[in-house]
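The values are calculated or read from the model by the stated rules, or taken from the named source; none is laboratory data. Please read these numbers as outputs of a predicted model, since none were measured by experiment. Heads up, the Cβs are rebuilt from the backbone with ideal geometry, glycines too, and the neighbour counts pull from every protein chain shown. Keep in mind that these areas ignore ligands, DNA and RNA; they rest on the heavy atoms of the full protein, side chains included. Shrake-Rupley method; radii C 1.70, N 1.55, O 1.52, S 1.80 Å.
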Amino acid sequence: MKVLLVNGSPHPSGNTFTALNEIARTLQQEGIETEIFNLGTRPVRGCTACGNCKTKNPGRCIFDDDVCNSLSAKCASADAFVFGSPVFYGQPNGALMAVLQRILYSNGQNLQYKPVANVAVCRRGGATAAFQAMNMMFQMMNMPVVSSQYWNIAYGRQQGETAQDIEGMQTMRTLAYNMSWMLKKLHHDGTSDLPKSEPWAPMHFIR
Ligand SMILES: Cc1cc2nc3c(=O)[nH]c(=O)nc-3n(C[C@H](O)[C@H](O)[C@H](O)COP(=O)(O)O)c2cc1C
């Protein structure tokens, strides 16, 4: 079983990485493979709502000039995810949201039913709003959201300061234990049974 941890921060060794690394380290102790993927600093497009991923180019975003489709393929082969974001103006950082919206819209079928969690890291405020904004996406994608002993938030400003947030770091480890437990329960019988699902019943007055 493999958990993919995506660091939305432009800083590959910053506070978001520090929080994700605590989760990855704990998952590894639990016998689970991990990969931390840094989104980096290269430009990421927003979704243009062109619809090509539903028609001409199913499962892929039409734009191949950024990280979207390669990260999307990584997501398709992972068993669970943790998306980590620094808090920017009380929200997740723009690049992470842009790529997540495109991946979920173009390739959501390969992420659904896989456990997911998100982590928000800030200097002082806005972490719960950012945390909630990310959860809004997962909760409408049939993705079981893994919880912890508290909301998955941690504090820090200078590089690595988050390591001093003792309660934040414990929250990350508890999240990892809970994700490990959920993954083992889901996969223990070796089957890939999924819950029942119905054909989509759209609102009759808004298409
Ligand atoms: C553009 C920008 C906006 C920010 N907005 C907030 C904010 O709203 N609240 C806050 O507490 N920190 C804010 N910060 C600080 C970062 O969230 C904080 O330094 C975080 O630890 C950075 O994580 P990183 O090291 O992984 O990049 C902001 C930083 C930047 C660059």
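Being within 11 Å of the ligand (Cβ to nearest atom), surrounded by 17 or more Cβ atoms within 10 Å (Cβ to Cβ) and in contact (Cβ under 8 Å) with a residue 40 or more places away in the chain holds for only one residue in V99, V121, and it is V121.
For region 31-43, a residue qualifies if it is buried (at least 17 other Cβ atoms within 10 Å of the Cβ) and either more than 20 Å from S13 (Cα to Cα) or without any contact (Cβ under 8 Å) to a residue 24 or more places away in the chain (or both), and exactly one does: I32.
Return a yes/no flag: does region 13-29 have any residue that is away from the ligand (no atom under 16 Å from the Cβ), in contact with a helix residue (DSSP H, G or I) (Cβ under 6 Å, 6 or more places away or on another chain), open to solvent by 10 Å² or more (accessible area, probe 1.4 Å) and under 20 Å from S148 (Cα atoms). Within region 13-29, not a single residue is away from the ligand (no atom under 16 Å from the Cβ), in contact with a helix residue (DSSP H, G or I) (Cβ under 6 Å, 6 or more places away or on another chain), open to solvent by 10 Å² or more (accessible area, probe 1.4 Å) and under 20 Å from S148 (Cα atoms). Candidates A76, A49, A95, A129: the one that is touching a strand residue (DSSP E or B) at 6+ places or on another chain (Cβ under 8 Å), modelled with pLDDT of 95 or more and not β-branched (V, I, T) is A129. Listed conditions (1) touching a Cys at 6+ places or on another chain (Cβ under 8 Å); (2) open to solvent by 10 Å² or more (accessible area, probe 1.4 Å) are all met by Y150, apart from (1). Pairing each residue of region 1-25 that is modelled with pLDDT of 95 or more with any residue that is near the ligand (Cβ under 8 Å from one of its atoms) and basic (K, R), provided the two are 6+ apart or on different chains, yields C-beta distances under 9 Å for N15/R123; N15/R157. The listed residues are T162, T171, and the only one of them that is within 16 Å of the ligand (Cβ to nearest atom), closer than 20 Å to T16 by Cβ and either in a loop (DSSP other than H, G, I, E, B) or free of Cβ contacts under 8 Å to residues at least 40 places away in the same chain (or both) turns out to be T171.
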